[in-house]
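Trainee: My questions will all concern the structure given below.
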Amino acid sequence: MAAVSYYHVLIYGSEQGYQTNRAQIALYTSAGKTCAFVRFNDPGMAFENDYESDGIIRMHLPSSMFHSTLDMLRNEKPINVYFAQGRGFLGTGSIEAVGEGE
């Protein structure tokens, strides 16, 4: 499980996007090492399976989840990413109190 400290957003233009993706959020550790790419696909675009290679997770989500994923990265801490059972997982690293606010 990697702790996410930084992120970088790319949004791809044109009808086809780029390499079957509409947008990508790259995730980095505190040391600046890439730990994951979260890629977003529009309806009708080819949808790849999640996988991990060379310690980097490639996770694929529908474009409709782009804003909520970016919102979580902007407003929650800590954030972790890991790969298990053929899927990428991205989430808060600890239990949070209900109604605590940002």
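The values are calculated or read from the model by the stated rules, or taken from the named source; none is laboratory data. Just so it is clear, the model here is predicted, and its values are computed rather than measured. Please note: Cβ atoms are built from the backbone with ideal geometry, for glycine as well, and neighbour counts cover all protein chains shown.
Trainee: Starting from the range 86-98, keep only residues that are closer than 15 Å to E76 by Cα, then list their pairs with residues that are among the acidic types (D, E) and at pLDDT 70 or above whose Cβ atoms are within a distance under 7 Å, requiring at least 6 positions of separation or different chains.
Mentor: Pairs that qualify, where the first residue is closer than 15 Å to E76 by Cα and the partner is among the acidic types (D, E) and at pLDDT 70 or above, are T92/E76.
Trainee: For P62, are the conditions met, namely being loosely packed, with under 14 Cβ neighbours inside 10 Å, touching a strand residue (DSSP E or B) at 6+ places or on another chain (Cβ under 7 Å) and not aliphatic (A, V, I, L, M)?
Mentor: Values: loosely packed, with under 14 Cβ neighbours inside 10 Å: yes; touching a strand residue (DSSP E or B) at 6+ places or on another chain (Cβ under 7 Å): yes; not aliphatic (A, V, I, L, M): yes.
Yes.
Trainee: Among residues belonging to the range 35-50 that are outside any strand (DSSP E or B) and aliphatic (A, V, I, L, M), point out the one that is surrounded by the fewest Cβ atoms within 10 Å (Cβ to Cβ).
Mentor: A46
Trainee: Go through (1) closer than 12 Å to V4 by Cα; (2) part of a loop (DSSP other than H, G, I, E, B); (3) in contact with a helix residue (DSSP H, G or I) (Cβ under 9 Å, 6 or more places away or on another chain) for G32 and report which single condition fails.
Mentor: (3)
Trainee: Can you work out which of the residues in the range 1-20 that are part of a loop (DSSP other than H, G, I, E, B), of a type outside the set (S, T, Y) and free of Cβ contacts under 8 Å to residues at least 60 places away in the same chain is farthest from F89 (Cα to Cα)?
Mentor: E15
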